[in-house]
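What follows is one structure encoded as structure tokens, with my remarks underneath.
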Amino acid sequence: MTKTKTEPRWTEIIEPKRSLLSLRLGEAWQYRDLMWLFVRRDFVSVYKQTILGPIWYFMQPLFTMVMFSFIFNRLAGISTDGVPAPLFYLVGIICWNYFSICLTTTATTFRDNQMLFGKVYFPRIITPLSIITSNLIRFSIQFIMFLLFFLYYLYFKQDNSFSPNIYLLPLPILIIAQASLALAAGMIITSLTTKYRDLMFLLQFGVQLMMYATPVIYPLSIAKGTFRQILLLNPLTSIIEAIRFGFLGCGSISWWGLLYSFGVIGCLLLVGIIVFNYTEKNFMDTV
């Protein structure tokens, strides 16, 4: 009898992507252990070998809140819509920090991981998703600090100048919208910076300017006319205003503004997915 050779059965077959709209989330789920390793790496490495360690997660928004309260509220006299300045600034700072750090770190995905991408295969979408997730943990820690301030003013000082309301319910959706906006913009920028490194300098400068085009240090209520319309073009404006309105009852919530924001985010996500998938195929030749 002659023995026939049996062909080996592969456990994993890597094929090139054909659809620019596919994120292969099912495949990314198979690599979820690797994603959590990236999450742990991103979360731990930020303040590793520092004296204060994770305490810096509280110090940065706390010091910023103190400076904003002194400079913009006391010296410049900018209104906080009648609510305590620490609460007004803290909720804006924490929301803005989450968006900005997600954007700036996602925007360097290809550049920061080029050595890893060139050695081993895994779904590239894991890296920006891990960035969004690790920063969500950081956001949650800082949000706990805001809640402590919130409860202090609400129950211990019995301050009646603000009031939480039912509009707190869509808070998780608003946070996801922020993360999606940062993810979409980051995927577009990281794809373009594989060829055009100048965009990184523009990004750093642009993020700083964008904070002043977002109601972080001032309420939208003080903006009138054309300036108000320009601010409303920023998809973050309605989101941060809605979060602040839900907790403090100040400002206003615009359903049309939120619908516009979600529409812009959806369009940017679509473009981001297409550009990211297109660049992923040959970015090692240009990065």
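The values are calculated or read from the model by the stated rules, or taken from the named source; none is laboratory data. Not measured: the values here are computed from a predicted model. Cβ placement follows ideal geometry from the backbone for every residue including glycine, while neighbour counts extend to all protein chains displayed.
Of note:
- When residues in segment 240-251 are screened for being over 21 Å from the mean Cα position of the chain (by Cα) and buried (at least 18 other Cβ atoms within 10 Å of the Cβ), 3 of them pass.
- Close Cβ contacts (under 8 Å, 6 or more residues apart or on different chains) running from residues in segment 107-123 that are within 21 Å of residue 184 (Cβ to Cβ) and in contact (Cβ under 8 Å) with a residue 24 or more places away in the chain to residues that are in a helix (DSSP H, G or I) and charged (D, E, K, R) comprise 123/27.
- All conditions but one from (1) in contact with a helix residue (DSSP H, G or I) (Cβ under 8 Å, 6 or more places away or on another chain); (2) small (Gly, Ala, Ser); (3) over 25 Å from residue 173 (Cβ atoms) apply to residue 206; the one that does not is (1).
- Evaluation of residue 64 against (1) among the β-branched types (Val, Ile, Thr); (2) assigned to a helix (DSSP H, G or I); (3) modelled with pLDDT under 70 (one fails), failing number: (3)
- Extreme residue, farthest from residue 163 (Cα to Cα), among residues of segment 240-274 that are of a type in the set (A, V, I, L, M, F, W, C) and not in a helix (DSSP H, G or I): 253
- Candidates in segment 17-48 are the residues that are over 19 Å from residue 135 (Cα atoms) and surrounded by fewer than 12 Cβ atoms within 10 Å (Cβ to Cβ); of these, the one that is modelled with the highest pLDDT is 29.
- Complete set of residues in segment 170-193 that are free of Cβ contacts under 8 Å to residues at least 60 places away in the same chain and aliphatic (A, V, I, L, M): 173, 176
- Test: residue 134 is without any contact (Cβ under 8 Å) to a residue 12 or more places away in the chain and hydroxyl-bearing (Ser, Thr, Tyr): no
- The conditions of being in contact (Cβ under 8 Å) with a residue 40 or more places away in the chain, over 21 Å from residue 174 (Cα atoms) and not polar (S, T, N, Q) are not met by residue 239.
- The sole residue among 194, 226, 237, 214 that is of a type outside the set (Lys, Arg), assigned to a helix (DSSP H, G or I) and surrounded by 17 or more Cβ atoms within 10 Å (Cβ to Cβ) is 237.
- Qualifying residue in segment 155-167 (condition: part of a helix (DSSP H, G or I), at pLDDT 85 or above, among the hydrophobic types (A, V, I, L, M, F, W, C) and closer than 17 Å to residue 275 by Cβ): no
- Selected residue (only one of 120, 83, 91 is surrounded by 22 or more Cβ atoms within 10 Å (Cβ to Cβ) and either touching a strand residue (DSSP E or B) at 6+ places or on another chain (Cβ under 9 Å) or outside any helix (DSSP H, G or I) (or both)): 83
- The numbered conditions (1) exposed (fewer than 11 other Cβ atoms within 10 Å of the Cβ); (2) not in a loop (DSSP other than H, G, I, E, B) are all true for residue 200 except (1).
- Listed conditions (1) of a type in the set (A, V, I, L, M, F, W, C); (2) at pLDDT below 90; (3) under 15 Å from the mean Cα position of the chain (by Cα) are all met by residue 125, apart from (3).
- In segment 141-182, the qualifying residues are those that are hydroxyl-bearing (Ser, Thr, Tyr) and closer than 19 Å to residue 239 by Cα, and the one that is farthest from the chain's Cα centre (by Cα) is 163.
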